[in-house]
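Written below as structure tokens is the structure these notes are about.
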Amino acid sequence: MKQILFYLKVSRPGLWFATLWLYLLPTGGMTAIWSDPIFWLGFVYCTFPLNLLVYGWNDIVDREIDAKNPRKDSFLFGARGTEVQLAKLWLPIVLVQIVFLPMFLYLDRLPMFLLLLGLIGINWAYNLPIKGLRSRPPFELLCQIGYLLVVPLSVLLNDTASIQPMTYCYLLLFAFQSHLIGEVMDIEPDIASGRRTTATVIGMRKTKLLIIGIVTVEVAILIFYFKAYIFGGMLGLGLCWFIADLFLIYKTNQYTLGQMKFFGFASNAVAFVTMTYVWYSGCLL
């Protein structure tokens, strides 16, 4: 049971909403799809299995950095594995992929092969032990493109229409924003360990300003391109929070562990609301 809980922490259940949000997006409004076992096959994969691959791979190469990170050892932000645990983590990662990936390949063959190759390739480039892009800013942000591959995975498995290019632009900006928020939370342990990220290079204030700029563009896309006034208004409230956070509340002070956990739970609640609204309204399709 202890080992199972460790694997679950590695997969970061507190961040599953991101991959589920992307998986569900192309199926917006398609209630009939709920009776399709292939839909649920992909849904389950985008929880524990996919996130075990993505975050477990990263945990293996970032063991020393994570050992100094107060956010670790939680279901929200990931495990703090021992050297022995992380050395053996490859086995469950591979075994879980073997359960799902052959079925995906059987269903869609060449397109799925190319998609999975891209997913694994991006994770490989990000997690190279010495020259990995995770420590070569700003290229660690570009690697967030890997998350967007969940969308065509859903399109292939569920035989839905492809989403429009502007939706991908919005999703990529959101992925940049989310990654930068994580870098802000990790800025002190990253500096202490000598890790280079966009946040450690340009500093907390400029990183928060960058987040504000990205979210401003997101809100503009939602309101002026998609005419998604309700969803754009929701994100607009988030923009107001980011502005207040930088200029009035926390400024450039480091968040406490309790505050970071609160933000984690709050982001999951917001993700559930927005995912439900976007799915039913189809405002991004």
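Residue-wise test of (1) at pLDDT 95 or above; (2) outside any helix (DSSP H, G or I); (3) over 30 Å from residue 30 (Cβ atoms).
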{"position": "220", "(1), (2), (3)": "yes, no, no"}
{"position": "230", "(1), (2), (3)": "no, no, no"}
{"position": "244", "(1), (2), (3)": "yes, no, yes"}
{"position": "248", "(1), (2), (3)": "no, no, yes"}
{"position": "258", "(1), (2), (3)": "no, no, yes"}
{"position": "262", "(1), (2), (3)": "no, no, yes"}
{"position": "267", "(1), (2), (3)": "no, no, no"}
{"position": "283", "(1), (2), (3)": "no, yes, no"}
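It is to be established whether one or more residues within the range 95-114 are touching a Leu at 6+ places or on another chain (Cβ under 9 Å), of a type outside the set (Asp, Glu) and under 22 Å from residue 173 (Cα atoms). Walk me through how you get there before you give the answer.
We begin by selecting, within the range 95-114, every residue touching a Leu at 6+ places or on another chain (Cβ under 9 Å); these are 96-97, 100-101, 103-105, 107-108, 111-113.
Of the ones still in play, those that are also of a type outside the set (Asp, Glu) are 96-97, 100-101, 103-105, 107, 111-113.
Next, from what is left, pick out any that are under 22 Å from residue 173 (Cα atoms): none.
No, there is no match, as no residue in the range 95-114 is touching a Leu at 6+ places or on another chain (Cβ under 9 Å), of a type outside the set (Asp, Glu) and under 22 Å from residue 173 (Cα atoms).
Looking at 48, 43, can you tell me which residue is touching a residue at least 40 places away in the same chain (Cβ under 8 Å), surrounded by fewer than 20 Cβ atoms within 10 Å (Cβ to Cβ) and under 18 Å from the mean Cα position of the chain (by Cα)? Lay out the reasoning, then the answer.
Values: 43 fails: touching a residue at least 40 places away in the same chain (Cβ under 8 Å).
So the residue among 48, 43 that is touching a residue at least 40 places away in the same chain (Cβ under 8 Å), surrounded by fewer than 20 Cβ atoms within 10 Å (Cβ to Cβ) and under 18 Å from the mean Cα position of the chain (by Cα) is 48.
Out of (1) free of Cβ contacts under 8 Å to residues at least 24 places away in the same chain; (2) within 30 Å of residue 105 (Cα to Cα); (3) of a type outside the set (S, T, N, Q), what's the single condition that is false for residue 179?
The number of the failed condition is (1).
Could you check residue 150 against (1) surrounded by fewer than 19 Cβ atoms within 10 Å (Cβ to Cβ); (2) in contact with a Cys (Cβ under 9 Å, 6 or more places away or on another chain); (3) under 30 Å from residue 257 (Cβ atoms) and say which number it fails?
(1)
Conditions (1) among the hydrophobic types (A, V, I, L, M, F, W, C); (2) over 20 Å from residue 226 (Cβ atoms); (3) assigned to a helix (DSSP H, G or I), marked per residue:
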| position | (1), (2), (3) |
| --- | --- |
| 141 | yes, yes, yes |
| 154 | no, no, yes |
| 157 | yes, yes, yes |
| 162 | no, no, no |
| 168 | no, no, yes |
| 175 | yes, no, yes |
| 184 | yes, yes, yes |
| 189 | no, yes, yes |
| 192 | yes, yes, yes |
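Show the residue pairs that are 6+ apart or on different chains and have beta-carbon atoms under 7 Å apart, the first residue being within the range 225-245 and in contact (Cβ under 8 Å) with a residue 60 or more places away in the chain and at negative phi, the second being surrounded by 12 or more Cβ atoms within 10 Å (Cβ to Cβ) and hydrophobic (A, V, I, L, M, F, W, C).
Here the result reads 226/283; 226/284, each pair linking the range 225-245 to a residue that is surrounded by 12 or more Cβ atoms within 10 Å (Cβ to Cβ) and hydrophobic (A, V, I, L, M, F, W, C).
So how many residues does the range 184-242 have that are under 17 Å from residue 167 (Cβ atoms), touching a helix residue (DSSP H, G or I) at 6+ places or on another chain (Cβ under 8 Å) and charged (D, E, K, R)? Before the answer, list the steps.
If we filter the range 184-242 for residues that are under 17 Å from residue 167 (Cβ atoms), which is where we start, we get 214-215, 217-232, 234-235.
Then drop every residue that is not touching a helix residue (DSSP H, G or I) at 6+ places or on another chain (Cβ under 8 Å), which leaves 214-215, 217-219, 221-223, 225-226, 228-232, 234-235.
Right, trim to charged (D, E, K, R) and you get 218.
Number satisfying all stated conditions: 1.
The values are calculated or read from the model by the stated rules, or taken from the named source; none is laboratory data. Everything numeric in this text was worked out from a predicted model, so none of it was measured. As a convention, Cβ positions derive from the backbone with ideal geometry for all residues, glycine included, and neighbour counts pool all protein chains shown.
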